[in-house]
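Undergrad: Structure in structure tokens, see below.
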Amino acid sequence: NAGVTQTPKFRVLKTGQSMTLLCAQDMNHEYMYWYRQDPGMGLRLIHYSVGEGTTAKGEVPDGYNVSRLKKQNFLLGLESAAPSQTSVYFCASSYGTIIYNEQFFGPGTRLTVL
Amino acid sequence: SQKIEQNSEALNIQEGKTATLTCNYTNYSPAYLQWYRQDPGRGPVFLLLIRENEKEKRKERLKVTFDTTLKQSLFHITASQPADSATYLCALDIRTGGFKTIFGAGTRLFVKA
């Protein structure tokens, strides 16, 4: 069991460039999430998905798009990167049931936008 | 406005003592509350979950309390060890049709040998 994996681990972009972050989970979880973490601000939810083919906005969705074409994958896209998007990005997944919603996190992607 | 507050100042304690971390929230009605541990350069790791109708939950040296009247959770680590040094995040699960999780900024704990 690999759990939650993220690629790439590090990336440097120039302003205006685009990129896609890939998250994969092998636990058959229904829910998947993308967060960003900035110093002193904790984890902020960007987008999430409650099942294959569904997505929803979180707290800070502007400038990002997501897709969940397969249950095990959740992609986060930046169409035109800005320096304000410099952050550490974490993907997570969970069963999402009413009883138990422990989230399993990936190792993170450190993104720098110059 | 809705807020989750954790002590932004680091907590320094001596090995063997009990560490107590606080999580306060306003204008949320969480279904349950979770605590996570995060080490530098790593993703958070789940520790404990407590439901809105539970007052206390224990797991080994960890204890969590949840007071929905005070809108506060306390997280205790007894007999603390230097290996407990990390950042601890509290997270509220909010019913929004499904569930959405809101994280606090975390409290850094240092346990001195």
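The values are calculated or read from the model by the stated rules, or taken from the named source; none is laboratory data. These figures come from a predicted structure and were not determined experimentally. Methodologically, a virtual Cβ is constructed for each residue, glycine included, from the backbone with ideal geometry; neighbour enumeration extends over all protein chains shown. These accessible areas exclude ligands, DNA and RNA; they are computed on the full protein's heavy atoms, side chains included. Shrake-Rupley method; radii C 1.70, N 1.55, O 1.52, S 1.80 Å.
Undergrad: I'd like the antiparallel share, as a percent to the nearest 5, of DSSP beta bridges with both residues in chain B.
TA: On the way: 42 of 46 bridges.
Antiparallel: roughly 90 percent of the beta bridges in chain B.
Undergrad: Tell me the relative contact order for chain A as a rounded percent, counting alpha carbon contacts under 8 Å between residues six or more apart.
TA: The value is 35 percent.
Undergrad: Checking the cross-link filter: which aspartates and glutamates have an alpha carbon closer than 15 Å to that of residue A:71, excluding same-chain neighbours under 8 positions apart?
TA: Straight-distance partners of residue A:71: A:26, A:30, A:52.
Undergrad: Looking at the range A:14-59, which trypsin sites (Lys or Arg not before Pro) are DSSP coil and have at most 13 other C-beta atoms within 10 Å of their C-beta?
TA: Details: sites: A:14, A:36, A:44, A:57; in loops: A:14.
Hits after loop and neighbour filter: A:14.
Undergrad: Also: Please report the antiparallel percentage of DSSP beta bridges with both residues in chain A, rounded to the nearest 5.
TA: The antiparallel fraction comes to roughly 90 percent.
Undergrad: Roughly to the nearest percent, how much of the accessible area of chain A is carbon and sulfur, given a 1.4 Å probe? The partial results should precede the final answer.
TA: Working: 3000 of 5380 Å².
Accessible surface attributable to carbon and sulfur in chain A totals 56 percent.
Undergrad: Using a/c under 1.5 as the rounded threshold, could you call the range A:7-48 rounded, prolate or oblate? The axes a ≥ b ≥ c are square roots of the C-alpha gyration tensor eigenvalues, and prolate needs a/b larger than b/c, oblate otherwise.
TA: Verdict is oblate for the range A:7-48.
Undergrad: Mind scanning A:14/A:70; B:59/B:100; B:3/B:55; B:17/B:112 and naming the pairs with a C-alpha gap bigger than 18 Å?
TA: A:14/A:70; B:59/B:100; B:3/B:55
Undergrad: Determine the shape class of chain B: with a ≥ b ≥ c the square roots of the Cα gyration tensor eigenvalues, call it rounded for a/c under 1.5, and otherwise prolate if a/b is greater than b/c, oblate otherwise.
TA: It comes out prolate by the Cα gyration axes.
Undergrad: Limiting things to C-alpha atoms, what are the Rg and the maximum Cα-Cα separation (Dmax) for the protein assembly as shown, in angstroms?
TA: Radius of gyration, then largest Cα-Cα span, for the protein assembly as shown: 17.6, 52 Å.
Undergrad: Leaving ligands, DNA and RNA out of it, rank A:26, B:84, B:67 by accessible area with a 1.4 Å probe, largest first.
TA: The residues order as A:26, B:67, B:84, largest area first.
Undergrad: If a/c stays under 1.5 just call it rounded; otherwise compare a/b with b/c (prolate if a/b is bigger, oblate if not). Do that for the range B:11-67, with a ≥ b ≥ c from the square roots of the Cα gyration tensor eigenvalues.
TA: It comes out prolate by the Cα gyration axes.
Undergrad: Please give the Cα centre distance for the range A:1-50 versus the range B:5-69, rounded to the nearest Å.
TA: 24
Undergrad: Let me ask another. With a 1.4 Å probe and all protein chains kept in place, how do A:114, B:33, B:47 rank by accessible area, largest first?
TA: Most to least solvent-accessible, the answer reads A:114, B:47, B:33.
Undergrad: Could you state how much accessible area is buried at the B-A interface, both sides summed, with a 1.4 Å probe, in Å² to the nearest 100?
TA: On the way: alone 6450 and 6210 Å², together 10960 Å².
Adding both sides of the contact gives about 1700 Å².
Undergrad: Hey, another quick one. For chain B, which longest stretch is free of loop sites, where a loop site is one of the GluC sites (Glu not before Pro) that DSSP puts outside H, G, I, E and B and that has at most 11 other Cβ atoms within 10 Å?
TA: Working: sites that count: B:9, B:60.
Segment B:61-113 is the longest.
Undergrad: Where the Cα atoms of the range A:48-114 are projected onto their three principal axes, how long is each span, largest first, in whole Å?
TA: If we take the Cα atoms of the range A:48-114, the spans are 42, 22, 21 Å.
Undergrad: Ignoring ligands and nucleic acids, what accessible area does residue A:86 show with a 1.4 Å probe (Å², nearest 10)?
TA: Ignoring ligands and nucleic acids, residue A:86 comes out at about 50 Å².
Undergrad: Rounded to the nearest whole Å³, what is the per residue volume of the convex hull around the Cα atoms of chain A?
TA: In chain A, the Cα hull volume divided by residue count equals 95 Å³.
Undergrad: Send over a whole-number figure in Å² for the accessible area per residue of chain B, probe 1.4 Å.
TA: Working: 5580 Å² over 113 residues.
Averaged over the residues of chain B, the accessible area is 49 Å².
Undergrad: Work through the residues other than residue B:86 whose Cβ is under 12 Å from its Cβ and net out their charges, Lys, Arg +1 and Asp, Glu -1. Display every interim value, and only then the final one.
TA: On the way: positive: B:37, B:42, B:108; negative: B:39, B:84.
Summing Lys and Arg as +1 and Asp and Glu as -1 gives +1.
Undergrad: Quick one: grab Rg to one decimal and Dmax as a whole number for the range B:53-113, Cα atoms only, in Å.
TA: 13.7, 47
Undergrad: Also: Given contacts defined as C-alpha pairs under 8 Å and at least six residues apart, what's the relative contact order of chain B, whole-number percent? Could the numbers behind the result be given before it?
TA: Details: 276 pairs, mean separation 40.3, N = 113.
Computed over chain B, the figure is 36 percent.
Undergrad: For a quick check of your reading of the filter: which trypsin sites (Lys or Arg not before Pro) in the range B:22-113 sit in a DSSP loop and have no more than 11 other Cβ atoms within 10 Å?
TA: B:55
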